[in-house]
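**Student:** Have a look at the structure that comes next, please.
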Amino acid sequence: MLLYNSLTRQREEFVPNEPGKVKMYTCGPTVYHYAHIGNLRSYIMEDVLEKYLRYIGYDVTRVMNITDVGHLSSDADTGEDKMLKGARREHKTVMEIAKFYTDAFFDDCKKLNIKTPDVVAPATSCVDEFIRVIEGLLEKGFAYEAGGNIYFDTSKLKQYYVFNDFREEDLEVGVREGVEEDGNKRNKADFVLWFTKSKFDDQELKWDSPFGVGYPGWHIECSCISMKYLGEKLDIHCGGIDNAFPHHTNEIAQSEAYLGHKWCNYWFHVHHLNTNSGKMSKSSGEFLTVSLLESKGYNPLVYRLFCLQSHYRKSLVFSYENLDNAAAAYNKIVARLLALLKESPSEVDRAAFDALKANFCAALDSDLNTSLSVTAIYDVLKADTTPATKLALIEDFDRVLGLDLVPAARRALESEKAAAKAASSDPFVAEIEAKIAERAAAKKAKDYAKADAIRAELLEKGVVLEDTPQGTKYKIEAK
Ligand code: AMP
Ligand code: ZN
């Protein structure tokens, strides 16, 4: 499989450290508010990556953190504490907010068919690990104490800016983000590992540590949680593109300084979902959620299809018009599958199955080209093969795409059957059907007067007949 690696800025053959096994880490949500559909774009694309790696035979272990402490409103350790801000907004404690929005996040994931990672670790459950790694960094001279806080000293590294596709002035903006600079830092890029002194006197969550009572910085949590559950070498680290700097840059700095060797080989970054008015963000107040889409009548899996229709490394613009197009595409595929389910039983043609599956894999092997993998669904539907082959292929692709296409078609078939059953037990419907049969027999016997009389009799009762090539249909008109 070829995967674009942000670290080397090229597509590379994916080779894990240990043959057949993949260790994958994902930056989880900061649980101070609902996830917006931009956040969920990242998690959908990461889910497809995980599922595809499993599909092609890898034994994947995926770990995700839940950020419930330490994330300030500027990623560069300044500004307000996001969790405190959420707690204040809702007059609740930080832990209540964290529990509520963690559950809400996983509810959204469930609706979007995003698999829960093998390990989900809240940052507050790993404070001992943070302290141990910070102590190690202090011992090795990569960290220093200033003004009561512990900082990582970026000047001790040969190379700090590893994702080189940033311009120096953008990095400076990233570090400052318009908020006043922390005068304790020796270098502008240094970042906090442990806060004891902060401007938040009301900081709720604090732990005792060798550096004083305080709380961890945001960046240290991902390095430590990854090392705790996945060991010293990571194959793939995922996240949204905004996390590349400073968050992932800082993760690499502290992990490699602590371990003394390379930590993670592949960096998978999902580009942003934007609206016409710009980037979607939790802090900007109004934002789009899965529940909002549902309240407008959209199936969350239509949003998943919308995401899969474009490449993860291109930014994507959300509009209801685009979502409507995805809904139409989704419904069309389900209708085609429903028609296949109604065909007489057939056998799976193995040769056709393998050839069409090869197209699907070729798409995803090419840097997870999900839009081409969706095209592979249409190729299956158009192919000259048996209905059983088509249904088997689409069920198989769905192990990766997670669109529930065949189950949706089966549900539609069941509801059609239930509607037909309900109609046949209605005496009025039974009478109409008997009259239609009688009229057909009269027409066959060329007794057109009787046929017309039956039509008129039914019309009197509000039943309008329509002769179509598929037989006579009827409509009951409201009187
Ligand atoms: P947060 O909850 O803010 O820590 O973000 C959770 C994930 O969503 C991170 O991987 C972010 O990089 C990602 N993310 C944030 N905004 C967007 C966006 N507009 N589009 C796609 N991913 C995003
Ligand atoms: Zn992270």
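**Student:** With the requirement that a residue be within 13 Å of ligand 1 (Cβ to nearest atom) and part of a helix (DSSP H, G or I), what does region 237-258 give you?
**Tutor:** Of the residues in region 237-258, the ones within 13 Å of ligand 1 (Cβ to nearest atom) are 237-248, 251.
Across region 237-258, the qualifying residues are ILE241, ASP242, ASN243, ALA244, PHE245, PRO246, HIS247, HIS248, GLU251.
**Student:** Test of understanding: among GLU135, GLU232, which residue is at pLDDT 95 or above, outside any helix (DSSP H, G or I) and closer than 16 Å to SER255 by Cβ?
**Tutor:** Answer to the selection: GLU232.
**Student:** Does SER366 satisfy the condition of being among the small types (Gly, Ala, Ser), surrounded by fewer than 17 Cβ atoms within 10 Å (Cβ to Cβ) and within 30 Å of LEU3 (Cβ to Cβ)?
**Tutor:** yes
**Student:** For region 212-229: of the residues being farther than 28 Å from LYS279 by Cβ and modelled with pLDDT of 95 or more, which is nearest to ligand 1 (Cβ to nearest atom)?
**Tutor:** CYS224
**Student:** Moving on to the next point. Taking TYR312, is it closer than 22 Å to VAL374 by Cβ and surrounded by 18 or more Cβ atoms within 10 Å (Cβ to Cβ)?
**Tutor:** yes
**Student:** Pull out all pairs, ordered by first then second residue, where Cβ-Cβ is under 9 Å, the residues are six or more apart or on different chains, the first lies in region 132-144 and is within 19 Å of THR196 (Cβ to Cβ), and the second is open to solvent by 60 Å² or more (accessible area, probe 1.4 Å) and assigned to a strand (DSSP E or B).
**Tutor:** Within 9 Å, the pairs are LEU138/GLU145.
**Student:** Same structure, new question: In region 405-420, is there at least one residue being in a loop (DSSP other than H, G, I, E, B) and surrounded by fewer than 18 Cβ atoms within 10 Å (Cβ to Cβ)?
**Tutor:** Taking every residue of region 405-420 in turn, none turns out to be in a loop (DSSP other than H, G, I, E, B) and surrounded by fewer than 18 Cβ atoms within 10 Å (Cβ to Cβ).
**Student:** Taking region 204-230 as the search range and keeping residues that are open to solvent by 10 Å² or more (accessible area, probe 1.4 Å) and within 16 Å of ligand 2 (Cβ to nearest atom), which one is nearest to SER281 (Cα to Cα)? Let's see the steps before the verdict.
**Tutor:** Looking only at region 204-230, we keep the residues that are open to solvent by 10 Å² or more (accessible area, probe 1.4 Å), and these are 204-213, 218, 227-229.
From the residues that got through so far, the ones that are within 16 Å of ligand 2 (Cβ to nearest atom) too are 218, 227-229.
On the way: TRP218: 18, MET227: 29, LYS228: 30, TYR229: 30 Å.
Among them, the one singled out is TRP218.
**Student:** Can you spot a residue in region 261-272 that is among the β-branched types (Val, Ile, Thr) and within 15 Å of ligand 2 (Cβ to nearest atom)?
**Tutor:** To start, the set of residues in region 261-272 that are among the β-branched types (Val, Ile, Thr) comprises 270.
Now drop any that are not within 15 Å of ligand 2 (Cβ to nearest atom), which leaves 270.
Yes, region 261-272 contains a residue that is among the β-branched types (Val, Ile, Thr) and within 15 Å of ligand 2 (Cβ to nearest atom).
**Student:** Taking region 35-64, which residues are out of contact with any strand residue (DSSP E or B) (no Cβ under 7 Å at 6 or more places or on another chain) and more than 10 Å from ligand 1 (Cβ to nearest atom)?
**Tutor:** ASP47, VAL48, LYS51, TYR52, TYR55, ILE56, GLY57
**Student:** Does region 345-382 hold any residues that are more than 30 Å from GLU46 (Cβ to Cβ) and in contact with a Ser or Thr (Cβ under 8 Å, 6 or more places away or on another chain), and which are they?
**Tutor:** Those that are more than 30 Å from GLU46 (Cβ to Cβ) and in contact with a Ser or Thr (Cβ under 8 Å, 6 or more places away or on another chain): SER346, GLU347, VAL348, ASP349, ALA352.
**Student:** Quick one: in region 30-67, of everything that is among the acidic types (Asp, Glu) and in contact with a Lys or Arg (Cβ under 8 Å, 6 or more places away or on another chain), which residue is farthest from ASN369 (Cα to Cα)? Can you show your working first?
**Tutor:** Step one: filter region 30-67 for residues among the acidic types (Asp, Glu), giving 46-47, 50, 59.
Of the ones still in play, those that are also in contact with a Lys or Arg (Cβ under 8 Å, 6 or more places away or on another chain) are 47, 50, 59.
Values: ASP47: 14, GLU50: 14, ASP59: 22 Å.
Ranking the candidates gives ASP59 first.
**Student:** Considering only region 323-335, how many residues are open to solvent by 60 Å² or more (accessible area, probe 1.4 Å) and either under 21 Å from SER277 (Cβ atoms) or aromatic (Phe, Trp, Tyr) (or both)?
**Tutor:** Going through region 323-335 one residue at a time, the tally reaches 2.
**Student:** Related question: In the set GLU416, GLU431, which member is under 16 Å from THR472 (Cβ atoms) and at pLDDT below 95?
**Tutor:** GLU431
**Student:** Related question: Just checking, how many residues over region 113-131 are open to solvent by 40 Å² or more (accessible area, probe 1.4 Å) and part of a strand (DSSP E or B)?
**Tutor:** Within region 113-131, the first condition is being open to solvent by 40 Å² or more (accessible area, probe 1.4 Å), and the residues that meet it are 113, 115-116, 118, 120, 122, 125, 128.
Then drop every residue that is not part of a strand (DSSP E or B), which leaves 120, 122.
Matching residues across region 113-131 total 2.
**Student:** Looking at (1) of a type in the set (Asp, Glu); (2) over 17 Å from ARG304 (Cβ atoms); (3) within 9 Å of ligand 1 (Cβ to nearest atom), which one does ASP68 not meet, given that it meets all the others?
**Tutor:** (3)
**Student:** Determine which member of the set ALA423, ALA409 is within 30 Å of LYS461 (Cα to Cα) and aliphatic (A, V, I, L, M).
**Tutor:** Numbers: ALA409 fails: within 30 Å of LYS461 (Cα to Cα).
Criteria check complete, one pass: ALA423.
**Student:** Looking at LYS233, LYS296, LYS279, which is the one that is open to solvent by 60 Å² or more (accessible area, probe 1.4 Å), away from ligand 2 (no atom under 12 Å from the Cβ) and free of Cβ contacts under 8 Å to residues at least 60 places away in the same chain?
**Tutor:** LYS296
**Student:** If you go through region 49-61 one residue at a time, do you hit one that is of a type in the set (Val, Ile, Thr), within 18 Å of CYS222 (Cβ to Cβ) and within 16 Å of ligand 2 (Cβ to nearest atom)?
**Tutor:** no
The values are calculated or read from the model by the stated rules, or taken from the named source; none is laboratory data. All values derive from a computational prediction rather than experimental measurement. FYI the Cβ positions are ideal-geometry reconstructions off the backbone, even for glycines, and counts take in every protein chain you see. Side chains are part of the model used for accessible areas, which takes the heavy atoms of the whole protein and leaves out ligands, DNA and RNA. Shrake-Rupley method; radii C 1.70, N 1.55, O 1.52, S 1.80 Å.
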